[in-house]
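Since every read-out is calculated from the coordinates, none of them should be taken as a lab result. Everything numeric here is computed off the predicted structure, so don't read it as measured data. Note: ideal-geometry Cβ built from the backbone for every residue, glycine included; neighbour counts use all protein chains shown.
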Amino acid sequence: MFTGLIREIASVKSYQNNILTIMSKHRAKLGDSIAVNGLCLTVIKVNADGFDLELADETRSIIDESKLKGKVHIEPAMQMNDRFEGHIVQGHVDCVGEVVQISKRENGTDFVIRVDPKQISYIVPKGSITIDGVSLTINDVYEESFRLTIIPHTLENTLIGEYRIGTKVNIETDMFARYIEHILSQRSHKKRTLGWDEIDQIAMSY
């Protein structure tokens with residue numbers, strides 16, 4: 001599990017044969033889970049200047065592999081004794097979005113990001129979303145896009161400040177929205193009421 005708070009901007013040393021080699025100050029251990037631009041990946045080798053991670057076929061079928069070059073956001077998996085901030089992030093990318101509008105504001109910058117309309121039901125106004133691994137709050141939701149307002153601190157300390165019109169981004173929608181939608185759809189298909197076990201599962205997730 002992750003929080004969506006970026007710990008370091010690292011660099012991709014190479015990406016070939018499904019192996020991603022990262023140059024990083026973070027001292028990873030074999031088997032560690034690390035989110036790279038929002039992708040939860042496993043460390044398969046530790047190097048003097050970073051570590052190697054492997055991408056599964058399923059992961060590569062969803063993401064835009066152009067996100068695996070240059071500078072990248074990284075976040076090690078949350079430890080049991082860590083302070084919890086941001087929001088609950090799984091590191092499971094749901095889709096790739098595209099920046100379609102950027103507007104300067106008095107104390108921040110608005111970004112409008114277009115997504116597959118099928119994802120809109122999981123994107124909630126004033127709810128949370130993860131963009132390239134960064135935990136952010138949604139302002140408005142439209143038919144096939146949504147708007148974020150990014151404060152100067154976030155622009156200066158993440159790669160979002162480098163986004164331009166047409167930039168592709170990894171998106172993880174809200175976990176609870178996905179769970180609830182799935183449960184309700186199953187309920188509709190089976191024409192039954194929500195069971196206490198399912199209610200307990202939802203309650204325990206918070």
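As a quick test, which of the pairs K45/K69; K71/K126; K69/K104 have an alpha carbon distance above 25 angstrom in this structure?
Working: K45/K69 19 Å; K71/K126 29 Å; K69/K104 27 Å.
The pairs that break the limit, which is 25 Å between Cα atoms, are K71/K126; K69/K104.
Local charge sum around V99 (other residues, Cβ-Cβ under 10 Å, Lys/Arg +1, Asp/Glu -1)?
+2
Fully extended, how many nm does the chain gain between Q79 and E58 (0.36 nm per residue separation, minus their Cα-Cα distance)?
Working: separation 21, 0.36 × 21 = 7.56 nm, distance 2.61 nm.
Extra length from Q79 to E58 when fully extended: 5.0 nm.
Could you let me know the centre-to-centre spacing of segment 19-56 and segment 126-164, using Cα atoms, in angstrom?
Taking the Cα centre of segment 126-164 as reference, the centre of segment 19-56 is 25 Å away.
Only residues of segment 93-130 count here: report those whose backbone N is under 16 Å from the spot 7 Å along Cα→Cβ of I180, or say none.
Once the point is set 7 Å along Cα→Cβ of I180, 120-129 turn out to lie under 16 Å by backbone N, inside segment 93-130.
Going from the alpha-carbon gyration tensor of segment 8-146, what semi-axes, largest first and in whole Å, does one get by taking the root of 5 times each eigenvalue? Could you put the intermediate results ahead of the total?
Numbers: eigenvalues 158, 58, 43 Å².
The equivalent ellipsoid of segment 8-146 has semi-axes of 28, 17, 15 Å.
For segment 95-178, place one equal point scatterer on every Cα, skip the solvent, and apply the Debye formula. What is log10 of I(q)/I(0) at q = 0.21 Å⁻¹?
-0.95
For P125, what charge total do you get from the other residues with a beta carbon under 13 Å from its beta carbon, if Lys and Arg give +1 and Asp and Glu give -1?
Working: positive: K126, R147; negative: D140, D174.
Local charge sum for P125: 0.
Give me the net charge of I138's neighbourhood, meaning all other residues with Cβ under 11 Å from the Cβ of I138; Lys, Arg count +1, Asp, Glu -1. Don't skip to the answer; put the middle values down first.
Numbers: positive: K126, R147; negative: D140, D174.
Taking every Cβ under 11 Å from that of I138, the sum is 0.
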